[in-house]
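One structure is given below, represented as structure tokens, and several questions about it will come after.
Each value in this text was obtained by applying a stated rule to the coordinates, not by laboratory testing. This structure is a prediction, so every number in the text was calculated from the model and none was measured. Using ideal geometry, Cβ is built from the backbone for each residue, glycine included, and neighbour counts are taken over all protein chains shown.
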Amino acid sequence: MPRSVDTRRLHLRPPAPTDAGTIFAYASDPVATRYMIWPTAEDIDDTHDFLDDVAAGWAAGDDFCYAVTDRATGVLHGAVSCQFDQHGAEIGYILAPSVWGRGLATEAAAAIVEAAWANDDLYRVWATCDVDNTASARVLEKLGMRYEGRLARWAPCPNLGDTAVPRDALCYALTR
């Protein structure tokens, strides 16, 4: 995956330690993290741990998380990721609620999907979202992903209540 990707409105780059405060602002927001499979950040140390994990993923060459920044202003709005494994490439994203509804998630995710497809031996790009996360499902549909089905008891959503009970998820994919 490339170190950075530019779109019409966005610049995607690896998150830096100096981004910790901005990342913490949305990672600690219960609205932004409602459907995430990880708990809402409780303190800045959670964000520093996340940044350490991101650096390790880049170093390993199989887990690429990008800061989603405004190309004109440099303001960080969220993150988009691409993880490679034996099943293909899985994408994910989170944006601060203040920029929801502007098409930024679709724009960022589309750029990452395009970059992933540069790997000739990749045959599948996929994503899941909580069964109740209709906004995320719509982003995946806008990417041209095909709905493959409902995955029963797929992943916990600790910010929705019982952390021990996995919730159903919707699975979408692009294949070639």
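Of everything in region 25-60 that's of a type in the set (D, E, K, R) and within 26 Å of residue 169 (Cβ to Cβ), which residue is surrounded by the most Cβ atoms within 10 Å (Cβ to Cβ)?
For region 25-60, the residue satisfying everything is 46.
Also, I was wondering about something else. Can you name the residue in region 21-38 that is of a type in the set (Gly, Ala, Ser) and not in a helix (DSSP H, G or I) and is also nearest to the chain's Cα centre (by Cα) among such residues?
Per the criteria, the residue is 32.
Mind checking which residues of region 120-146 are surrounded by fewer than 21 Cβ atoms within 10 Å (Cβ to Cβ), more than 23 Å from residue 24 (Cβ to Cβ) and either free of Cβ contacts under 8 Å to residues at least 24 places away in the same chain or among the small types (Gly, Ala, Ser) (or both)?
120, 121, 134, 137, 138, 144
Considering only residues of region 61-75 that are charged (D, E, K, R) and under 15 Å from residue 112 (Cβ atoms), which is surrounded by the most Cβ atoms within 10 Å (Cβ to Cβ)?
Ranking the qualifying residues of region 61-75, first place goes to 63.
Pairs, please: C-beta under 6 Å, at least 6 apart or cross-chain, first residue in contact (Cβ under 8 Å) with a residue 12 or more places away in the chain and in region 31-51, second part of a loop (DSSP other than H, G, I, E, B) and exposed (fewer than 14 other Cβ atoms within 10 Å of the Cβ)?
Pairs that qualify, where the first residue is in contact (Cβ under 8 Å) with a residue 12 or more places away in the chain and the partner is part of a loop (DSSP other than H, G, I, E, B) and exposed (fewer than 14 other Cβ atoms within 10 Å of the Cβ), are 40/30.
I'd like the residue in region 135-165 that is small (Gly, Ala, Ser) and touching a Pro at 6+ places or on another chain (Cβ under 8 Å) and, out of all such residues, is farthest from residue 38 (Cα to Cα).
So the residue we want is 164.
In the list 93, 147, which residue meets the criterion of being of a type in the set (Phe, Trp, Tyr) and over 17 Å from the mean Cα position of the chain (by Cα)?
The unique qualifying residue is 147.
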